[in-house]
1. Would you please put 214-220, 351-357 in order of how densely packed they are, using the mean number of other Cβ atoms within 10 angstrom per residue and starting with the highest?
2. Quick one: length gained pulling Ala111 to Glu286 fully straight, 0.36 nm per residue minus the C-alpha distance?
3. Which order, highest average first, do 313-325, 188-200 follow once you tally other Cβ atoms within 10 Å for each residue and take the mean per peptide?
4. About the Cα centre of the chain, how large is the charge dipole given +1 on each Lys and Arg Cβ and -1 on each Asp and Glu Cβ? Please answer in debye to the nearest 20.
5. Could you work out [θ]222 nm for the chain from helices alone, using -39500 (n - 2.57) per DSSP H run of at least four and dividing by all its residues? Round to the nearest 500 deg cm²/dmol.
6. Would you grab the residues whose amide H sits under 5 Å from the one on Gly379? Only those 5+ places off in sequence or on another chain, please, with H modelled 1.01 Å from N.
7. Most fluctuating residue of Ile210, Ile29, Ile92 in a GNM of the chain with Cα springs under 10 Å: which is it?
8. Can you tell which of Val102, Leu7, Phe149 lies farthest toward the positive end of the dipole of the stretch 4-171, using +1 and -1 charges on the Cβ of basic and acidic side chains (Lys, Arg; Asp, Glu)?
Amino acid sequence: IRYIDDLQLTGKRVFIRVDFNVPLEGRRITDDTRIREALPTIRRALEMGGKVILASHLGRPKGADPKLSTVLVAEKLAELLPKKPGDKHEVIHADDCVGDNVRKQVNDLKAGQVLLLENLRFHKEEEANDEAFSRELAALADVYVNDAFGTAHRAHASTAGMVPFVKEKAAGFLMRKEIEYLGDKVLRNPQKPFVAILGGSKVSDKIKVIESLLPKVDALLVGGAMAYTFLKAQGIEVGKSRVEEGDKLALAAKLLDTAKRLKTPLVLPIDHIVCADLEGKGPVKETPDQVVPVDMMGLDIGPKTRAMFTQRIRDAKTVVWNGPMGLFEVAKFAEGTRSVAAAMSINKDAITVIGGGDSAAAVEQMGYADKMSHVSTGGGASLEFLEGRELPGIKALETK
Ligand code: 3PG
């Protein structure tokens, strides 16, 4: 893979695919991390004398939808782009991503200017990876840069289809950082001991990650609702806890067998925080052991488990974490997730990587994000990456 600073950009039209798919509440961007993380690449392209064209999707629109216009992102970017707080950098917004008007706007661009295209997904051809649409996007570019790690698991026109039609291609700095941490420092050359922590609600979402990590890690710690499927598969009473029934129980049993065969500890919670109510109304209790009372739900890992996980994390040299330990959105069930974040943040000798999605949101919200070696901007993309799969957006940069 080539990187942006391997290229000559002076006077060139630099098309940068970014992932500006930020969470919105009405017209407010509630988390601008993905925009901030793309700044180093955008700034470098400008410093190198490029004419910068930015393209992203936002949400999952069915056709053009003003609520999902990238115009909001353009305003935010104009604030964030200057290095001095308070300054603004002009960000021109195009009201489409293809067509005559956009071509004209691109041709009028001067070195140092930034043009943000309208939401790529306003055209169904983006997700269909349509060739004619890919060629139209490619016609806007002298150079293609992909910095959209969060969308690298999608084979869409802007992440894959257009790439062969542009003369030069490279990855941006965010893409490089994600590949360096998730790829080199976690999957390929982890310092040992290497501990992975997986949580979230479903085992079925994590099967491939578990299979990919089990042979590599020294221990796999499991929390969140998925732990109850594993416990139930071992015949332990889990009360009214959320479990995946049927074949997922057999699958959990199989994963436990695989761990045993590999002699890799797959560590399940040894106690829980339980309640009969998801919002924590009614009594909240700690269980003395792995058993959940029949009328209760396990909603977080208990204090003994927190201490055990903390110790494992403190002894590790590489830690990767994906998925919360409990229903952390409710304060009474957030302690398990907080304790994992805290233990990771304290271990300064370790490479600590948050594999995106809910755990990244939790770490951000709880104020630990700056203390990690890396917080991935990918949700689905980081999971697929950790599964060991080839991501189309990265593959497109590799091929000749
Ligand atoms: C994400 O947020 O995971 C990426 O931006 C991809 O979005 P998608 O799941 O709608 O393709």
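Values in this text are rule-based calculations from the coordinates and carry no lab data. Treat the numbers as computed from the prediction; the structure is a model and nothing was measured. Neighbour counts run over all protein chains shown; Cβ positions are idealised from the backbone, glycine included.
1. 351-357, 214-220
2. Computed gain between Ala111 and Glu286 is 56.8 nm.
3. Per-residue mean Cβ counts within 10 Å order the peptides as 313-325, 188-200.
4. Roughly 840 debye for the chain.
5. It comes out at -9500 deg cm²/dmol, rounded to the nearest 500.
6. The list, which skips near neighbours in sequence, is Gly357.
7. Sorting by GNM fluctuation, first place goes to Ile29.
8. Of the listed residues, the answer is Leu7.
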